[in-house]
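The values are calculated or read from the model by the stated rules, or taken from the named source; none is laboratory data. If you're wondering where the values come from, they're calculated on a predicted model, not measured in any experiment. Here the Cβ is made from the backbone with ideal geometry for all residues, glycine too, and neighbour counts use every protein chain on show.
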Amino acid sequence: MINKQTSGLFRHNVEKFGSKNAAYFRSENGTWIGISWTRFGEMVSHTASALLNIGITEGDRIGIISSNMPEWTVADLAIQSVRAISVPLFATTSAEQTFFMFNQTEVTIIFVGEQDEYNKAVALAPRLPFLKKIVAFDSQVILAEDNLSIYFSDLMDSGRVNPMENELNQRLRESTDEDIYTIIYTSGTSGEPKGVMLNNASMNHFIKNHHERLPMSESDTSICFLPLSHIFERGWSMICLAEGIAIYYLRNPKQIIEIIREVKPTLMCAVPRFFEKTYAGVLNAIENASPLKKAIFHWAIRTGAKRIEYTRREQQVPWVLAVKYWFADRLVLQTGRSVLGGKIRFMPCAGAALSDDIVQFFHSVGVNIKYGYGLTETSATVSCFTDTNFIIGSAGRVMPGVEVKIGDNDEILVKSATVTTGYYKRPDATAEAFVDGWFRTGDAGWLDAENNLYMKDRIKDLMKTSSGKYIAPQMIETLVGAHPAIDNISIIGDKQKYVTALIVPSFDHLKSWIQHHEIVFTSRHELVAHPAVVKYIQQIVEAAQINLSPYEQIKRFKLLTEEFTIQTGELTSTLKTRRAFVAEKFKAEIEEMYKG
């Protein structure tokens, strides 16, 4: 129902697994309700028939704007089944950005999740001339009394009552690898968003490449908590369906730590921010432990790290170390793994830089992070850690079926069937994105002899000081931001005399830290201005950048009182810093750091 290759696999899994659950969703009372493969297949078929009944033709664009739920994936598969094109947006996308993207793609239907997304779609409807229907996944949404609005359950019922199997099979036979199955808009750290077109071949090869690289089985389970509108979670969910892996859909990602302990998944994709927050939480807890517990904790982590050096190289662990690890695992490491449910086999991670110290920490505990690199334009994964012989400090080995070479200015160039065909209605941007058939990632890096990829920074993010020295801000941010006392950091330095930083401290960490110091304050403003706090952060910054060249080191910083968020504009929907926005918003604070 997706295309000639993956549809056969999906239908095969529907028949193969039958009554086994393909997906789970959480009810209002907190219990998990399963959806069998048989029912999942019926939902896709009924939805696809309903789309045909509405008059959806090949190549029509259909929007999805919703939090994660099984209906999201059902709609996505149904859209592909009728050879239409899905246009997924983040639930947090502003009304004007939503209008720009849905108007540019001339969407005919918009699937929405909850009331906020529905209200947004209804408000935009008069400005979207091609719109035929607004379909609400959640039955609690209050619909307007119009001809546009319909509940998803009612839409499916219409397809059940009037099935279109012959037409669906005909469209399936006519589908090709070149058919565009989705347009995903990159949020961008600056400028106008661009619609990345991905075709059927890209998803087919994406699934195939991961099947060859990652050890998965139908007994695995996964939690879907990153936005499905992003290629990372969406692609991972497709892999899970292809492998027969049950997916637990989580609407509210803020509940992930609670839910992961409840569900105890064996696999789950995550972004660096997830590991940074978890790491900070563990270290904050240890900070308040007794001296003996602290000593045992750090000994156990060191022991786990020593063992990893043998296992990752497929070498036998010396018996003395094996005995030490046995004790370390039972005293500390098992408890550490239980924070993530206790059954994790591996966790794909990408989307931004992740500190080597944090990667090392989780591997030492026994949480196998499959750290990697990719973009929306490459259908996510370009490289990721292998099971063995992975190198901490790299972004993993280049994936099967993917070619990488290094171009001018150390730019990473990619060639693969997974690469985008271009940007929707942007031939100019498409032309700029390719050189001799290779996709220009805009990231700088290098390859070693074993085809492991190493990252430097976004080329456009590289800063040049007034003295002509080049600064890689992401590298500095990763070093300093790895400390649990740092929540957000944005490096400043382009065309300036020296490097400065805007830092949002972790107020949870500071709350714990001040218990051991005589600090009196009545507000966050007083806290970040307190000399002891400033000195503490200064020590953290100096320790983190000790191995940097003098011109790369942060000379001054400003502590801010509010976290960077998507809602307040500092972060993109994929949690990357919007540097231009931050520089403008905190213009006065930045100017203050360069006075004198």
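Odds and ends about this structure:
- All positions within the range 74-106 that are closer than 17 Å to I180 by Cα, assigned to a loop (DSSP other than H, G, I, E, B) and of a type outside the set (D, E): V82, R83, A84
- If the condition is being in contact with a helix residue (DSSP H, G or I) (Cβ under 9 Å, 6 or more places away or on another chain), surrounded by fewer than 16 Cβ atoms within 10 Å (Cβ to Cβ) and either part of a helix (DSSP H, G or I) or among the β-branched types (V, I, T) (or both), then the range 401-442 contributes N409, D410, T421, V435.
- Single residue of A295, A280, A300, A305 found to be part of a helix (DSSP H, G or I), in contact with a strand residue (DSSP E or B) (Cβ under 9 Å, 6 or more places away or on another chain) and either farther than 26 Å from I223 by Cα or in contact (Cβ under 8 Å) with a residue 60 or more places away in the chain (or both): A280
- Test for A472: is it over 27 Å from Y551 (Cβ atoms), buried (at least 16 other Cβ atoms within 10 Å of the Cβ) and out of contact with any helix residue (DSSP H, G or I) (no Cβ under 6 Å at 6 or more places or on another chain): no
- Residue match in the range 33-47 (condition: small (G, A, S), surrounded by 21 or more Cβ atoms within 10 Å (Cβ to Cβ), touching a residue at least 12 places away in the same chain (Cβ under 8 Å) and farther than 21 Å from P227 by Cβ): yes
- Yes/no for V141 being free of Cβ contacts under 8 Å to residues at least 40 places away in the same chain, closer than 27 Å to L241 by Cβ, not small (G, A, S) and not in a strand (DSSP E or B): yes
- Residue ID - nearest to K456 (Cα to Cα), chosen from residues in the range 371-400 that are in contact with a Cys (Cβ under 7 Å, 6 or more places away or on another chain) and part of a strand (DSSP E or B): G372
- So T31, is it β-branched (V, I, T), within 18 Å of I247 (Cβ to Cβ) and over 28 Å from the mean Cα position of the chain (by Cα): no
- The listed residues are I492, I471, and the only one of them that is at pLDDT 95 or above, more than 22 Å from the chain's Cα centre (by Cα), not acidic (D, E) and not assigned by TED's automatic domain parsing to the domain that holds S394 turns out to be I492.
- Complete set of residues in the range 107-116 that are over 16 Å from I54 (Cα atoms) and outside any helix (DSSP H, G or I): V112, G113, E114
- Residues of the range 43-73 satisfying the condition of being among the β-branched types (V, I, T) and assigned to a loop (DSSP other than H, G, I, E, B): I56, T57
- Matching residues in the range 286-336 - criterion: being among the small types (G, A, S) and surrounded by 14 or more Cβ atoms within 10 Å (Cβ to Cβ): A300, G304, A305, A328, G336
- Selection status of E233, among the acidic types (D, E) and closer than 27 Å to V196 by Cβ: yes
- Counting only strands (runs of 3 or more DSSP E) that fall entirely inside the range 150-249 and contain at least 1 residues that are of a type in the set (S, T, Y), within 20 Å of the chain's Cα centre (by Cα) and not assigned by TED's automatic domain parsing to the domain that holds A75, the qualifying elements are 180-186.
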